[in-house]
Amino acid sequence: MTQSTLLGTEEIALIPPTSDEKTMAILSHILTLVVWFIAPLVIYLMKKDESTFVRAHAVESLNFQITVAIAYFISFWLMFIFIGFILMFFIGISALVLIIVATIRASEGKLYKYPFSIKFVK
């Protein structure tokens, strides 16, 4: 069953993930606070053929981080007309909240899709 809200879309995984799969999925989200897009990229490359659950979370996290980077780039250029400062603040807070929500969903064994995320990696 899929549940959509303003904070994203979640659904129960068809095959319940193992504890190790949940841990890798959690890391693909939470480590972005420290090493940005590198963590989900490495996890994706290491686990893409081993676990569909981890792959789905790593791809979502990677796509979201690329989308946030684009938003920050646009906000940087909008700083010249001062709206960029406000946008940077809201992008940062929104990204933090969504990363926390995604981490919680991964720990619950649910598949999660970020809202406002452009799908670069499939």
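The values are calculated or read from the model by the stated rules, or taken from the named source; none is laboratory data. The structure presented is a predicted model; accordingly, all values stated were derived computationally and were not measured. A quick note on method: Cβ atoms are made from the backbone with ideal geometry, for glycine too, and the neighbour counts reach across all protein chains shown.
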Being touching a Gly at 6+ places or on another chain (Cβ under 7 Å), surrounded by 18 or more Cβ atoms within 10 Å (Cβ to Cβ) and hydroxyl-bearing (S, T, Y): is that true of S75 here?
yes
Checked segment 37-60 for anything of a type outside the set (A, V, I, L, M, F, W, C), farther than 16 Å from A13 by Cβ and surrounded by 17 or more Cβ atoms within 10 Å (Cβ to Cβ); matches are P40, Y44
When the residues of segment 85-122 are filtered to those that are in contact with a Lys or Arg (Cβ under 8 Å, 6 or more places away or on another chain) and among the hydrophobic types (A, V, I, L, M, F, W, C), which remaining residue is surrounded by the fewest Cβ atoms within 10 Å (Cβ to Cβ)?
L111
When you check S75 against the structure, is it among the small types (G, A, S), farther than 20 Å from A39 by Cβ and outside any loop (DSSP other than H, G, I, E, B), yes or no?
yes
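Per-residue answers, yes or no, for (1) of a type in the set (A, V, I, L, M); (2) free of Cβ contacts under 8 Å to residues at least 24 places away in the same chain:
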site	(1), (2)
I83	yes, yes
L87	yes, yes
G92	no, yes
V97	yes, no
R105	no, no
L111	yes, no
I118	yes, no
V121	yes, no
Scan segment 8-36 for residues that are in a loop (DSSP other than H, G, I, E, B), surrounded by fewer than 18 Cβ atoms within 10 Å (Cβ to Cβ) and either in contact with a Pro (Cβ under 7 Å, 6 or more places away or on another chain) or without any contact (Cβ under 8 Å) to a residue 60 or more places away in the chain (or both) and report the count.
4
Among the residues of segment 1-32, which ones are at pLDDT 95 or above and of a type in the set (A, V, I, L, M, F, W, C)?
M24, A25, I26, L27, I30, L31
Only one of F53, F64 is within 17 Å of G109 (Cα to Cα), touching a residue at least 24 places away in the same chain (Cβ under 8 Å), assigned to a helix (DSSP H, G or I) and aromatic (F, W, Y), namely F53
